[in-house]
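Chemist: I'd like to ask you about the structure that follows.
The values are calculated or read from the model by the stated rules, or taken from the named source; none is laboratory data. Fair warning: this is a prediction, and the values are worked out from it, not measured in the lab. Here the Cβ positions follow ideal geometry from the backbone for every residue, glycine too, while neighbour counts run over all protein chains shown.
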Amino acid sequence: MVTRSQPLCDTTTQFTTMQVPQNSVEAGPELVQNSGKFVRPPTATDIERILKSIRETGRPETVVDLSWNKPSRDLEFQLFLPKIEVDRKLRPDGDLINCPFCSPEHPKCLSFYLLWSSDGHLRVIGHICGRRFLGAGNFAALHADAKQALDRYANENYALTILPGFNQIIRDAEELLKASCSLQEVKRRFAKRMPTLQKVIMSMAKTHDGLLVVERRASADSNQGARTSLGGKQKFDIVPLGRLTGLGFLKRTWSPEPKARSIVTDLLGCVGGRRHQLSEDDILDFVLGATDAELANFRKQAQDAIGRAIELAQQIDETASFLSETNLKLLQGWGRHELNSFKVSVQLTSNEARIWVSQKCSCVVPLGSELRTPAFVALR
Ligand SMILES: [Zn+2]
């Protein structure tokens, strides 16, 4: 991960700070004019550290960065998000928290924001006092700036975390494409060579919830589990031999290849088509130079493509399991079962299987483990 030695956005220049009109001053505790530790607004990293401490302890009183005096209204302000909700169970004796703006001396709230002012102090401000002290219009403007800053920070962090390994992600997607092409080719070959077997298995799986079964003529005293066949004249017992997995392998409509191709295209699009490793400087240049919209778009596109890749990798693994050794042995047992009239022969080697439905018609398939992809395992 690329680490930030400096905050990436200078919040004092990027976001408007706001003065509260003097005519909205109300009577309150004595104003304190001494300067606090934040000559400039705290960075997003400062805020993250302070919020973490508050969430863990439930006690903002113990955070040395926070001040508890009431500010003058003629200062400039910057609001920070998210709003914090302290769990009352963490409070000593279940007490509320003081609000410097309306109740510096006694407990008042559990839900608050952090507000910086140009006297250098960072304070807790109760969620109701935000509007009351700053005025509804000012509060809304500061809230919008804070939201923008928070989104930017989250998007920067996403980009800084994902970009150092992005080249590997693209390579994984290309592996996924290869696996998709192989699986699609095997699917196509199987469907072409074994259309009747495909139909029989699909129909049986549909009727018996994925089970591979044979039917035995019911004996006179065996009614349990029996069903009536052919207009009720003849009764059969259903004998299940086992449950098949990966039945998606038999569905003609499922095509992994175009899905994988569009994932590769979209991932490459995220980094301007670059397949080689991005240097730390490249990454910082991109993150610093991107507009808010570009950064948000990068995140959306990358997350979306990676999400689709993870899903596709799972689907490929699941589908390839149709050709697992367990499934093929099940098919072998079913194919040679005395009660099965649809004879199938399966010959297994260490990495492939030959399936015969008649002396003339056979199909060689790789074992499912050969088709599975290790790609995207780390991101799951
Ligand atoms: Zn308050």
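Chemist: Tell me, which residue of segment 67-95 that is within 16 Å of Leu110 (Cα to Cα) and in contact with a Pro (Cβ under 6 Å, 6 or more places away or on another chain) is surrounded by the fewest Cβ atoms within 10 Å (Cβ to Cβ)?
Modeler: The extreme case among them is Asp95.
Chemist: So which helices (runs of 4 or more DSSP H) stay within segment 107-194 end to end and still have 2 or more residues that are more than 16 Å from the ligand (Cβ to nearest atom)?
Modeler: Per the criteria, 136-162, 166-193.
Chemist: What number of residues within segment 197-227 are modelled with pLDDT under 85 and outside any strand (DSSP E or B)?
Modeler: Number of matching residues: 8.
Chemist: Among the residues of segment 96-106 satisfying the criterion of being surrounded by fewer than 22 Cβ atoms within 10 Å (Cβ to Cβ) and not in a strand (DSSP E or B), which is nearest to the ligand (Cβ to nearest atom)?
Modeler: If we take residues in segment 96-106 being surrounded by fewer than 22 Cβ atoms within 10 Å (Cβ to Cβ) and not in a strand (DSSP E or B), then Cys102 is nearest to the ligand (Cβ to nearest atom).
Chemist: Six or more apart or on different chains, Cβ under 9 Å: which pairs go from a residue in segment 182-206 that's touching a residue at least 12 places away in the same chain (Cβ under 8 Å) and within 13 Å of Thr319 (Cβ to Cβ) to one that's in a helix (DSSP H, G or I) and β-branched (Val, Ile, Thr)? Could you list them?
Modeler: Leu183/Ile316; Leu183/Thr319; Lys187/Thr319
Chemist: With respect to the numbered conditions (1) assigned to a loop (DSSP other than H, G, I, E, B); (2) more than 16 Å from the ligand (Cβ to nearest atom), which one is the sole condition not fulfilled by Pro82?
Modeler: Single failed check for Pro82: (1).
Chemist: Can I ask one more? Pairs needed: first member in segment 267-281, in a loop (DSSP other than H, G, I, E, B); second member anywhere, polar (S, T, N, Q); C-beta distance under 9 Å; at least 6 residues apart or different chains.
Modeler: Between residues of segment 267-281 that are in a loop (DSSP other than H, G, I, E, B) and residues that are polar (S, T, N, Q), the close pairs are Val271/Asn167; Arg274/Asn167; Arg275/Asn167; His276/Asn167; Gln277/Asn167; Gln277/Gln168; Leu278/Asn167.
Chemist: Looking at the structure I just gave you, is Asp145 within 23 Å of Gly36 (Cβ to Cβ) and either within 31 Å of the chain's Cα centre (by Cα) or modelled with pLDDT under 95 (or both)?
Modeler: Spelling it out, Asp145 is indeed within 23 Å of Gly36 (Cβ to Cβ) and either within 31 Å of the chain's Cα centre (by Cα) or modelled with pLDDT under 95 (or both).
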